[in-house]
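Here is the structure we will look at, set down as C-alpha cells.
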Amino acid sequence: MPGRQRIKMDKSKRKTVIAGNWKMNMTPTEARKLACELAEALSCTDTAGSVEVVVCVPFVDIFAVSQVLSGTPIKVGAQNVHFEKCGAYTGEISAPMLAECGVTHVVVGHSERRQYFGETDETVNLRAKAALETGLTPIICVGELLSERDAGITEEVVARQTKLALAGFTAEQVKRTIIAYEPVWAIGTGRTATANQAEEVCAYIRQIITNLHDIETAEAVTIQYGGSMKASNAAELLAKPNVDGGLVGGASLSAAEFAEIVKAAL
Ligand code: 13P
C-alpha cells in the first residue's frame, strides 16, 4: 500500500502457528482416525521450538482428539467459546470447560460465525477476553468481504475489527493473542490471496497493534493467514515476513496435506 512506512519486523520474536480448523466436520470416530493419521504423518517431524501445531475441532471431538494427541506436540483447539464462565446459556460452552478438557487455543470471530450466527465485534472482544482470562490462546479472525476489497476499504474493515477485538486488552494480553487474517473471499473458494496481498494486510495489522501499544508488543504477536491455504501455496505465503502461520480449513481435513503445510513452515 503506497506511502506506508514499513517497520522491519523480526520474525524470531514470535511463534509460527499452523492451526487446522476442521469446521463442522468429523464425527468423534472420524476425528479419532484423522488425529491418529496426523500424529503419524508428523511423527518424524521435529516441530519443537519452531512451529506450534494446533487442530481446532468440533466440541464433541475434543475428548477423542485429546486422547489421541496426548504425548504428541500437537495441541487441541476449539472453534468458539462463550464469554461467561457458567450460567443459563443453553447450548454454549465456556472457557473453563474447554481448559479442563485440555484445550489450549480457541478460534474467535470466524467470518462464518460473523456471517451466519450474529457474531459482532463486541462479542468477539468478550469471547477473546474470556479465553485469555482462562489461559487459553484466542485465535481472533479478521478479514474483509469481496465487496469491501472491491470498494477499496480492506484496511478500514480490518482496522475496525482488530481494534474492537483487542479493546481493553493489556499489552501482555495482546502478546498472548493470535490474529488470523482471513479474507472472506478466499475462504473455501480455492481463490487464495497472493502472498503479497496476505503480507500487505498482515503487516498492516501489525502496524495497528504498534499504534495501539508499541513495537515490542506488535513484534510478539503471531499473525496468521487463512483462506484456501494448501500444501502447494503454503511455503510462499509463510515466507513473507509478517505471515506467521496459517489457519487452514479444507486442507486440514487431510492428514498428509496438513502435515505438508506444517513442514512448509519449518
Ligand atoms: P479454507 O482453508 O477451507 O479456505 O478455510 C479457511 C478458514 O476459514 C480457516 O478458518
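The values are calculated or read from the model by the stated rules, or taken from the named source; none is laboratory data. The structure presented is a predicted model; accordingly, all values stated were derived computationally and were not measured. Here Cβ is always computed from backbone atoms with ideal geometry, including for glycine, and neighbour counts include all displayed protein chains. All accessible areas refer to the heavy atoms of the entire protein, side chains included, with ligands and DNA or RNA removed. Shrake-Rupley method; radii C 1.70, N 1.55, O 1.52, S 1.80 Å.
Applying Stokes-Einstein at 10 °C and 1.306 mPa s to the Kirkwood radius of the chain, computed over alpha-carbon pairs, gives a translational diffusion coefficient of 87 µm² s⁻¹. Each listed q (0.10, 0.13, 0.16 Å⁻¹) maps to a log10 I(q)/I(0) for the stretch 119-233 from the Debye sum over equal C-alpha point scatterers, namely -0.28, -0.47, -0.72.
Can you find, among Ala128, Ser232, Thr47, the residue sitting farthest towards the positive end of the charge dipole of the chain, where Lys and Arg contribute +1 and Asp and Glu -1 at Cβ? Of the listed residues, the answer is Thr47.
If you wrap the stretch 1-103 in the convex hull of its Cα atoms and look at it from every side, the mean projected area works out to 9.9 nm². Extension gain, Cys44 to Gln67, is 6.3 nm, computed as 0.36 nm per intervening residue step minus the present C-alpha separation.
A simple spin-label model places pseudo-atoms 7 Å from Cα toward Cβ; at Val60 and Ser12 they are separated by 4.7 nm. Among the listed pairs Lys11/Lys263; Lys15/Lys85; Lys23/Lys230; Lys23/Lys163; Lys75/Lys263, a Cα-Cα separation exceeding 21 Å is found for Lys15/Lys85; Lys23/Lys163. The residues of the chain expose, per residue, 44 Å² of accessible area to a 1.4 Å probe. Seen from every direction in turn and averaged, the convex hull around the alpha carbons of the stretch 193-241 projects onto 3.3 nm². Annotation: aspartates and glutamates with alpha-carbon distance below 20 angstrom to Lys33 (same-chain offsets under eight excluded): Asp61, Glu257, Glu260.
Note on the chain: helix-only mean residue ellipticity at 222 nm, from DSSP H runs of 4+ residues weighted -39500 (n - 2.57) and normalised by residue number, equals -12000 deg cm²/dmol.
Summing Cβ point charges (Lys, Arg +1; Asp, Glu -1) relative to the Cα centre of the stretch 10-99 gives a dipole of roughly 240 debye.
Could you calculate the FRET efficiency of Ala256 with Glu92 from 1/(1 + (r/R0)^6), where r is the beta carbon distance between them and R0 is 35 Å, rounded to 0.05? Given R0 = 35 Å and the Cβ-Cβ separation, E is 0.50.
Each 10 Å bin from 0 upward holds the following percent of the Cα-Cα pairs of the stretch 56-166: 15, 42, 29, 13, 2.
Dipole of the stretch 1-143 computed with +1 at Lys/Arg Cβ and -1 at Asp/Glu Cβ about the Cα centre; of Cys56, Val142, Met26, farthest Cα towards the positive end is Val142.
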